[in-house]
Amino acid sequence: MPVALTGATGFLGSHLAAHLLAAGTAVRAVVRNPERGAWLAEAGAQLAAADLDHPAALEAAFRGARAVVANAALGSNLGTLEDFVRTNVGGVENTLRAAASAGVQRVVLISSVAVYRTRIRTFQNESGERYGHVKRPFVWSDLTTDWRYAMTKCIGEDRALALAAELGLKLTVLRPGPIYGSRDSRWTARLLGYHRRRLLLAPTVGVPMVHAGDVAGAVAGALGTDASVGRAYNLAGPPRTLPVLLAALKRLSGRGPLVVPVPVPLWVGYDTTAAARDLGFRSRPLDEGLQEVLLGQAAQREAK
Ligand SMILES: NC(=O)c1ccc[n+]([C@@H]2O[C@H](COP(=O)([O-])OP(=O)(O)OC[C@H]3O[C@@H](n4cnc5c(N)ncnc54)[C@H](OP(=O)(O)O)[C@@H]3O)[C@@H](O)[C@H]2O)c1
């Protein structure tokens with residue numbers, strides 16, 4: 001029986017699908033645009049068309065699956081407040097209800113560390129204070145994360161936990177930090193843009209980025225055991241600064257800008273002890289993760 005994966009045509013979704021397929025797990029890629037999912041069918045996934053706004057289509061797409069990975073969402077800075085509520089709250093509700101109607105009990109929800117109130121120079125664990133359900137006047141994370149995203153991911157998590165209890169679903173919530181990896185048009189694309197420069201002033205803020213393949217590994221770990229049911233887990237790497245990332249890219253590619261570090265003694269971190277213990281989560285070494293990014297970039301260039 002396949003694992004149904006929403007948002008399979010997105011950045012993380014593509015890594016989740018590839019990881020599960022490589023491990024011999026049957027995948028049903030639930031996509032809103034099947035044309036964009038042609039490569040998934042070629043890679044061996046089943047394709048099902050469904051928008052998060054359409055409960056009946058979701059239910060049909062989930063029927064016969066052994067689990068649902070609720071990955072589809074609207075990312076930071078991509079819409080209006082109404083769009084965020086519809087997708088990240090309504091879409092999660094529709095996904096869980098459709099899973100229950102289709103007879104699928106096991107659900108893994110991809111949430112985000114954006115649900116926390118940002119704390120600097122500390123490794124927050126899963127009981128850290130969260131953003132909440134209303135817009136705060138100002139929080140530090142407003143400088144880096146769209147508050148509409150943070151707030152609706154927070155509400156989406158809570159609705160998912162409440163619905164899981166009501167519908168008898170076995171739910172695990174995963175909270176990745178900023179994700180990097182090949183095929184990422186946001187964070188990683190920005191990093192590669194800096195890598196192409198000749199000179200860069202780079203602040204030394206530490207960011208707990210995690211490779212998409214390591215998030216995929218944790219999803220597979222969650223699907224493999226019920227130990228994580230009813231719990232939420234941080235998935236993040238050690239805080240890394242832009243000068244460190246660019247130095248690693250230079251080491252791996254033999255080129256890169258002259259980097260002038262701008263000292264900013266801030267970092268944000270997350271405790272991943274629970275994910276390591278229950279899901280087998282590990283954050284790969286930086287060089288390994290960035291090598292995957294460079295190989296992906298080369299493959300994309302070749303395909304053009
Ligand atoms: N990227 C990060 O740094 C990061 C960090 C923490 C958590 N996350 C979480 O990881 C998950 C995946 O994010 P991502 O970075 O891979 O973003 P992404 O590349 O934008 O992928 C989002 C996916 O959701 C799909 N989607 C959006 N609205 C939909 C709708 N109404 N109906 C059906 N599908 C819809 C998109 O479909 P199309 O392909 O058709 O556009 C896309 O496949 C999200 O839950 C996000 O909150 C991401």
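The values are calculated or read from the model by the stated rules, or taken from the named source; none is laboratory data. This is a predicted model, so every value here is computed, not measured. Neighbour counts run over all protein chains shown; Cβ positions are idealised from the backbone, glycine included. Heads up: the accessible areas ignore ligands, DNA and RNA and are worked out on the full protein's heavy atoms, side chains in. Shrake-Rupley method; radii C 1.70, N 1.55, O 1.52, S 1.80 Å.
Observations
- Cα-based Kirkwood hydrodynamic radius, the range 178-304, one decimal, Å: 15.7
- If you wrap the tightest convex hull around every Cα atom of the range 246-304 and split its volume per residue, you get 134 Å³.
- Given in Å, the Rg to one decimal and the Dmax to the nearest whole number for the Cα atoms of the chain are 18.9, 56.
- The accessible area of residue 104, taken with all protein chains in place and a 1.4 Å probe, comes to roughly 0 Å².
- Using the Cβ-Cβ distance between residue 49 and residue 26 with R0 set to 22 Å, the FRET efficiency works out to roughly 0.75.
- Under 26 Å from the Cα of residue 135 - lysines, other chains or at least 8 residues apart: 153
- Computed lengthening from residue 192 to residue 299, 0.36 nm per intervening residue step minus Cα-Cα distance: 37.1 nm
- Straight-line cross-link partners of residue 304 among the lysines, defined as a Cα under 27 Å from its Cα and at least 8 positions apart when in the same chain: 250.
- Stretch gain in nm, segment residue 35-residue 140, where the contour uses 0.36 nm per residue and the Cα spacing is subtracted: 33.8 nm
- Relative contact order, percent, the range 177-241 [alpha-carbon distance under 8 Å, six or more residues apart]: 46
- Helix content alone sets the calculated 222 nm mean residue ellipticity of the chain: runs of n ≥ 4 DSSP H residues at -39500 (n - 2.57) each, divided across all residues, give -12000 deg cm²/dmol.
- Once C-alpha pairs closer than 8 Å and six or more residues apart are averaged by separation and normalised to the residue number of the chain, the relative contact order reads 17 percent.
- Euclidean distance between Cα centres, the range 111-150 to the range 178-227, Å: 18
- Solvent exposure, largest accessible area first (probe 1.4 Å, DNA, RNA and ligands not counted), of 140, 267: 140, 267
- The listed residues 151, 1, once ranked by accessible area (1.4 Å probe) with the largest placed first, stand as 1, 151.
- Here the contact order of the range 1-152, divided by its residue count and restricted to Cα pairs under 8 Å and six or more residues apart, works out to 21 percent.
- Heavy-atom accessible area ranking, 1.4 Å probe, most first, across 157, 302: 302, 157
- Full-extension gain in nm, residue 284 to residue 81, via 0.36 nm per residue minus C-alpha separation: 69.6 nm
- Note that the range 39-188, at 37 °C in a medium of 0.692 mPa s, gets a Stokes-Einstein diffusion coefficient of 201 µm²/s from its Kirkwood radius over C-alpha pairs.
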